Amino acid sequence: MDINLGLTPLVSLIAGILILIMPRLLNYIVAGYLILVGVIGVFNLNI
């Protein structure tokens, strides 16, 4: 069995778990996620 995980689903999973544990982190997690996805999109990185 071969499991291939991309960066975006993995970051989303971790962010979701952190939001469930600490809801106050929501603003920071969403901001970090958007910045990360934006940088990947602007520089066309294949991660």
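For region 25-39, give me the residue count where each residue is touching a helix residue (DSSP H, G or I) at 6+ places or on another chain (Cβ under 6 Å) and among the aromatic types (Phe, Trp, Tyr). Number satisfying all stated conditions: 1. Residue count for region 1-44 satisfying the condition of being outside any helix (DSSP H, G or I), surrounded by 10 or more Cβ atoms within 10 Å (Cβ to Cβ) and at pLDDT 80 or above: 1.
The values are calculated or read from the model by the stated rules, or taken from the named source; none is laboratory data. All values derive from a computational prediction rather than experimental measurement. So basically every Cβ, Gly included, is an ideal-geometry build from the backbone, and we count neighbours across all protein chains shown.
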